[in-house]
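Worksheet for the structure shown next.
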Amino acid sequence: MQIMDFLAKKAIVADIKSVKKEDVIKELVDALIAAEEIEKRSRNKLTEALMSRESLGSTAIGQGIAIPHAKCDCVSKLVAAFGLSKKGVDFDSLDGEPAHIFFLLVAPQDSAGPHLKALARISRLLKDKYFRDSLRASSDDKAIIKIISAEDEKKV
């Protein structure tokens, strides 16, 4: 599974402005709406689903990474948004560090397989310090797409 198979190219936010967890999630949901991956009327429902998942335990996995995710009947296929925060956001991470790299994943209600594969794929790639550092140094969406695409080519 390639990240670029489900990452919406138009839902990449190279400079997240939000400084709170829920606001970051809303900003990335809005990016999916702007990319026409989800309908505007699903904004609150999807945000609630993502925040509900966060209430079970933070999706910040440490090393400056957060992968907020949820299932929602507002999508028919797995879709992701990407965000980068230069300042970092307190996302209740396991290691106490602020999160800088965000992959927001939304899967259809009945899809366990692709959802879990995507989470595993993103987690595996982000274990690579060079990949994380390259993403964090990116200044725009084109650079981010180039870095993720190059990584996709390497590790299939």
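Rule-based calculations on the coordinates, nothing more; no lab input. It should be emphasised that the depicted structure is a prediction, and the values quoted were computed from it without experimental measurement. Neighbour counts run over all protein chains shown; Cβ positions are idealised from the backbone, glycine included.
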Most exposed first, judged by fewest Cβ atoms within 10 angstrom, 89, 19 run 19, 89
Compactness of the chain, expressed as Rg and Dmax over alpha-carbon positions, Å: 14.0, 39
Report Rg(Cα)/(2.2 N^0.38 Å) for segment 48-133, keeping two decimals. 1.06
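What number, in percent, do you get for the relative contact order of segment 3-154 if the mean sequence gap of Cα pairs under 8 Å and at least 6 apart is divided by its residue count?
Numbers: 276 pairs, mean separation 41.0, N = 152.
So the answer I get is 27 percent.
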Given the Cα-Cα distance of residue 14 and residue 136 and 0.36 nm per residue of separation, how much length would full extension add, in nm? 43.0 nm
Report the residues of segment 82-124 in range of a label on residue 51: point 7 Å along Cα→C-beta, backbone N strictly under 17 Å from it. 90-92
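Could you pull out the GluC sites (Glu not before Pro) across segment 23-96 that fall in loop regions by DSSP (anything but H, G, I, E, B) with no more than 15 other Cβ atoms inside 10 Å? Display every interim value, and only then the final one.
Numbers: sites: 27, 36, 37, 39, 48, 54; in loops: 36, 37, 39.
Filter output for segment 23-96: 36, 39.
Which links in 45/71; 21/86; 10/146; 40/142; 86/142; 71/127 stretch past 20 Å when you go from one Cα to the other?
Working: 45/71 11 Å; 21/86 15 Å; 10/146 14 Å; 40/142 25 Å; 86/142 17 Å; 71/127 24 Å.
40/142; 71/127, as the Cα separations exceed 20 Å there.
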Per-residue Cβ neighbour rank within 10 angstrom, fewest leading, 106, 75, 24: 75, 24, 106
Which of 77, 142, 26 fluctuates most in a GNM of the chain (C-alpha springs under 10 Å)? That residue is 142
Between residue 40 and residue 127, what FRET efficiency comes out of the Förster formula 1/(1 + (r/R0)^6) with R0 = 41 Å and r the beta carbon distance, rounded to 0.05? 0.70
